[in-house]
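In what follows, a single structure is set out as structure tokens and then discussed.
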Amino acid sequence: DEKQALAFFLSQMRYTEAISPKNLAVLASATPIAALRSAYAAQIHDERAHADLLRRYLALLDVEVPKVHWANVLACEGAIYLQKDPVAGATCVLASIEYYATQLIEELLARVDEPLLHAVFGHILKDEQRHKALAKEAISLLAASGLGRGVASKARLEVGRRLVEIFFTKMAGPLFEKNTRALGLDTHGLYERALDEMRGELNDELRFTV
């Protein structure tokens, strides 16, 4: 039912937020630009706060909280390897996740009337919008620094981008949609919309091809 589907959605999101500090720490350590390292450190605090908010809300739901799906675990753990490269991490992981998260939250807010959940997601959405802007700025600064211009770097970026898109569209997306069907979320369509938005902004505004 809808409540169980919501619990699945929230439990997966809580896990992603909870593991994000680990991923961001890897990305920060790989990034040569001091200002970005500081920004990533600040974002870590946001992710921890989001995970705590979602944990507390899940405790209020009168349903058994679903386990974290293996596809979600695989995606988060796999992202760590991409984030060892500052350009691939910022483009393939950070930006794509922030754009997709924003689409998902906005769509869910339009479908759920519960006031407390609106307050929780309203707070998280403001942070995600800021994180999206940070991802764009990170890619702009990294591109201006000359990182990612070599043949090997471009090949690594392209492979990483393709792997992330294939994983979301062919594996994680369908599984996620199956478990949240009662919410009426078109997770595949939202992911494609997020990709279109990201490509448009990064290409047109930052002149950085992804």
C76 passes all but one of the listed conditions (1) within 30 Å of L157 (Cβ to Cβ); (2) open to solvent by 20 Å² or more (accessible area, probe 1.4 Å); (3) within 18 Å of the chain's Cα centre (by Cα); the exception is number (2)
Among residues of the range 107-159 being among the basic types (K, R) and touching an Asp or Glu at 6+ places or on another chain (Cβ under 7 Å), the residue nearest to R48 (Cα to Cα) is K132
Is it the case, given these coordinates, that A49 is farther than 18 Å from E165 by Cα and part of a helix (DSSP H, G or I)?
yes
Restricted to the range 118-127 and to residues being aliphatic (A, V, I, L, M) and closer than 15 Å to E17 by Cβ, the residue most open to solvent (accessible area, probe 1.4 Å) is L125
Residues of the range 1-42 being farther than 20 Å from G146 by Cβ and not in a helix (DSSP H, G or I), in sequence order, are D1
Exercise for review: Please verify whether the range 154-163 includes one or more residues that are touching a helix residue (DSSP H, G or I) at 6+ places or on another chain (Cβ under 7 Å), closer than 23 Å to G78 by Cα, modelled with pLDDT of 80 or more and among the charged types (D, E, K, R).
Suggested key: no
Going through (1) surrounded by fewer than 19 Cβ atoms within 10 Å (Cβ to Cβ); (2) modelled with pLDDT of 80 or more one by one, L104 fails only at (1)
Condition set of a type in the set (D, E) and modelled with pLDDT under 80, scope the range 166-210, selection surrounded by the fewest Cβ atoms within 10 Å (Cβ to Cβ): answer is D204
Within the range 16-48, the residues that are open to solvent by 10 Å² or more (accessible area, probe 1.4 Å), closer than 20 Å to K126 by Cα, hydrophobic (A, V, I, L, M, F, W, C) and touching a residue at least 60 places away in the same chain (Cβ under 8 Å) are A39
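The values are calculated or read from the model by the stated rules, or taken from the named source; none is laboratory data. Here the structure is a predicted model, which is why all the values come from computation and not from measurement. Cβ coordinates were reconstructed from backbone atoms using ideal geometry, including for glycine residues, and neighbour counts include every protein chain displayed. Remember, those area values only see protein heavy atoms, side chains included, never the ligands or the DNA or RNA. Shrake-Rupley method; radii C 1.70, N 1.55, O 1.52, S 1.80 Å.
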